Amino acid sequence: MISAFLQTLIDGLLIGGVYGVIAVGLSLVFGVLKIVNFAQAEFLMIGMYAAWFSWAYLGLDPVFGAFVALAVGFALGALCQRLLVQHVLKAPPVAQIFLTVGLLAVIENGALMLFGSEFRSVRTPYQTAALELGPLFISVPYLVAFIAALAISGALWLLLTRTWIGRAIRATSQNANAAQLFGIDTRTVYAIAFGLGTGLTAFGGGVILSYSAVSPTAGAQFVVLMFTVVVLGGLGSVLGALVGGLIVGVIQSLSTLVMPIQLQNLALFVVFITFLAFRPQGLLGKGAR
């Protein structure tokens, strides 16, 4: 019984770390631009395709292809921000919702036209490998994805805390008008922050490709989980998204000890709703005055 508990806990932490990276981009976008991007999960799908093509035509492992996905996600996100999102930043929330939902539909259907509806997967030397630690087994693809998620999270922390652009992003997030008075080009910061947000989600899509297939509807599998992670951790909190991802992964995994695997999301949302009833701002979110 103890070994089963430890096994499911390890599995939950490994997948939860990837959830955190997938969701941290959504939290970053909201924290800086104050807009909820309903098309965020489609950039995960774009990242999966970028990593798949890197594997198919360049021979890159999905983990290395994830960095290609990061660059592609950043470029497309920054372009979308400049051409579309920038024009609705001060618009009513309903306009922002319609824009991002419309962007979701365009990206998904565009991928369907370009790549077809078939599922595509990769083959790696470690795809079915596992590390044995006594009675416990650690899936190598999940472990590799988890390590990559930790590495990119650390790089994001260094960017936000140790660089000028990171300080500019945090200043703009706190008070855009004050940031402009100090000479910060907030339009550029918005584009960079949005691109970082979509790029990080695309990176997450790349690292999960080693154990998950990609199709134009791949983002739909993760969209609810992404919003659950972000709201649980605290909307706008980057660290909260990472912590929330770990919690969601653990809850999903541990629930399978007492419930059928088909009901793991039911257990997650029961805990989620109960938690928000007592702390609606999330774990690391700031309470409203």
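The values are calculated or read from the model by the stated rules, or taken from the named source; none is laboratory data. Fair warning: this is a prediction, and the values are worked out from it, not measured in the lab. Don't worry about glycine lacking a Cβ; one is built from the backbone with ideal geometry, like all the others, and counts go over all protein chains shown. Please note that ligands, DNA and RNA were not included when accessible areas were found on the heavy atoms of the full protein model with its side chains. Shrake-Rupley method; radii C 1.70, N 1.55, O 1.52, S 1.80 Å.
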Which listed residue, of G116, G195, is of a type outside the set (S, T, N, Q) and either in contact with a strand residue (DSSP E or B) (Cβ under 7 Å, 6 or more places away or on another chain) or modelled with pLDDT of 95 or more (or both): G195
Give just the number: which of (1) open to solvent by less than 70 Å² (accessible area, probe 1.4 Å); (2) among the hydrophobic types (A, V, I, L, M, F, W, C); (3) at pLDDT 95 or above does L60 not satisfy? (3)
Would you confirm whether or not the stretch 146-154 contains a residue that is among the hydroxyl-bearing types (S, T, Y), in contact (Cβ under 8 Å) with a residue 24 or more places away in the chain and either in a helix (DSSP H, G or I) or open to solvent by less than 80 Å² (accessible area, probe 1.4 Å) (or both)? yes
If a residue must be more than 21 Å from Y211 (Cα to Cα), open to solvent by 60 Å² or more (accessible area, probe 1.4 Å) and of a type in the set (S, T, N, Q), how many such residues does the stretch 76-133 contain? 1
Residues that are over 30 Å from W52 (Cβ atoms), among the basic types (K, R) and without any contact (Cβ under 8 Å) to a residue 24 or more places away in the chain: does the stretch 181-188 have at least one? no
For the stretch 274-281, does any single residue satisfy the condition of being aromatic (F, W, Y), farther than 27 Å from L160 by Cβ and in a helix (DSSP H, G or I)? yes
